[in-house]
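Note sheet for the following structure.
No lab work stands behind these numbers, since they all come straight from the coordinates. As the structure is a computational prediction, the values presented were derived from the model and not from experiment. Using ideal geometry, Cβ is built from the backbone for each residue, glycine included, and neighbour counts are taken over all protein chains shown.
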Amino acid sequence: MKLKILLLSILTLVTFWISAQTSTPNISFEYDNDGNMEARYVVNIPSKSTEKTDSIAENTSIEELDAYSIPTGKQTITIYPNPTLGTITVAITDLDLRQSNLIRIFDASGRLLVYRVIQLEYENIDIVGPAGIYLMNIHLGDNISRWKIIKE
C-alpha cells in the first residue's frame with residue numbers, strides 16, 4: 001500500500017514538472033473602446049525553452065535579453081527583454097506596411113493600456129503600470145499573436 005502511494009506521488013510530481021516545462025495556457029480577452037468584451041482567447045505562453053534567435057541587430061545577443069520569437073507566416077516576431085523593468089522591444093522581420101499592423105497591451109483586468117500602429121521593424125514600448133503580468137496582442141494584417149509580458 002505504501003509503495004502504491006509512493007509511486008502515485010512520484011507520478012504526480014513528474015506530471016506537474018513536465019507540464020511546468022511546456023507552454024502555460026492563459027485566457028485573453030479583447031475589448032472595444034467602450035470596455036465591452038468582444039472576444040475571448042486561450043493564450044499559449046511560451047516557456048523559457050521557446051526557440052530563441054541568434055541576434056536581432058549587430059552585437060546583440062538575444063540570450064542576454066530573454067527574448068522570445070515566433071514565426072507568423074513570412075514574418076518573425078521577437079519580443080525582448082521579457083521579463084522587463086518597463087520597456088520592451090518588438091522586432092518584426094519583413095514587416096509589410098501596406099497592411100494594418102497594431103500592438104495592443106492589456107493589464108491583468110483586461111484594460112487597454114497601449115494601442116500603437118506599428119510603423120517600424122523595431123518598436124520600443126513603455127509599459128506604464130505596476131509590476132505584474134500584461135497581455136500583448138500583435139496584429140499583422142489578419143494574423144494575431146498573443147504574448148504574456150512580465151514587468152518586474
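Could you please find all residues in segment 106-122 being under 15 Å from the mean Cα position of the chain (by Cα) and either within 20 Å of Q75 (Cα to Cα) or free of Cβ contacts under 8 Å to residues at least 24 places away in the same chain (or both)? Passing the criteria: only V114.
Out of all the residues in segment 72-109, which are among the small types (G, A, S) and surrounded by 15 or more Cβ atoms within 10 Å (Cβ to Cβ)?
As a first pass, look at segment 72-109 and keep what is among the small types (G, A, S): 73, 86, 91, 100, 108-109.
Result: A91, single match.
Among the residues making up segment 97-135, those that are under 13 Å from T87 (Cα atoms) and part of a strand (DSSP E or B) are I105, V114, Y122, E123, N124, I125, D126, Y134.
Taken over segment 132-142, the residue count meeting the criterion of being within 16 Å of the chain's Cα centre (by Cα) and either over 14 Å from I92 (Cα atoms) or loosely packed, with under 13 Cβ neighbours inside 10 Å (or both) is 5.
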